[in-house]
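The values are calculated or read from the model by the stated rules, or taken from the named source; none is laboratory data. On a predicted model such as this, the values are computed, not experimentally measured, just so you know. Note that we place each Cβ from the backbone using ideal geometry, even for glycine, and neighbour counts take in every protein chain shown. Areas reflect the complete protein model, heavy atoms only, side chains present, ligands, DNA and RNA absent. Shrake-Rupley method; radii C 1.70, N 1.55, O 1.52, S 1.80 Å.
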Amino acid sequence: MSEPNEKELVNYLAEKTKVPAETISLVLKHEQAFIDKAQSSAKGQVIDIDSDELIDYVLKQRDVKLDEVTVEKILDMEMDYLVENGFAEHED
């Protein structure tokens, strides 16, 4: 499966959420760091990312100046984008 175009994703999220693209990139960077950390501690097992833990992690980063609702909206819109474009599937 190919990877989504990050610039396209960031622009899409910025347009949908009215949050500046630089801020979106920051949230996505922290999201990836959280996922990478979870994967390395899972040692090859399939991991289930808790969205509340992810949002809390992003909000704790000093360079993120957003509220919880905005971070959640960005991450939800990202998932919608990934599903709509065939990069991910919603889990039941």
First compute the accessible area of the chain with a 1.4 Å probe, then give the percent of it belonging to carbon and sulfur atoms.
47 percent
Relative contact order of the chain, defined on C-alpha pairs under 8 angstrom at six or more residues apart (%)
31 percent
Would you mind computing, in nm to one decimal, how far apart the modelled labels at Gln39 and Asp67 are, each placed 7 Å from Cα along Cα→Cβ?
3.3 nm
Å² per residue, accessible surface of segment 25-88 at 1.4 Å:
65 Å²
Taking a cut-off of 20 Å between Cα atoms, list the lysines near Lys29, but don't count ones fewer than 8 places away on the same chain.
Lys7, Lys16, Lys18, Lys37, Lys60, Lys65, Lys73
Would you work out if the chain is rounded, prolate or oblate? Take a ≥ b ≥ c from the square roots of the eigenvalues of the alpha-carbon gyration tensor; rounded if a/c is under 1.5, else prolate when a/b is larger than b/c, oblate otherwise.
oblate
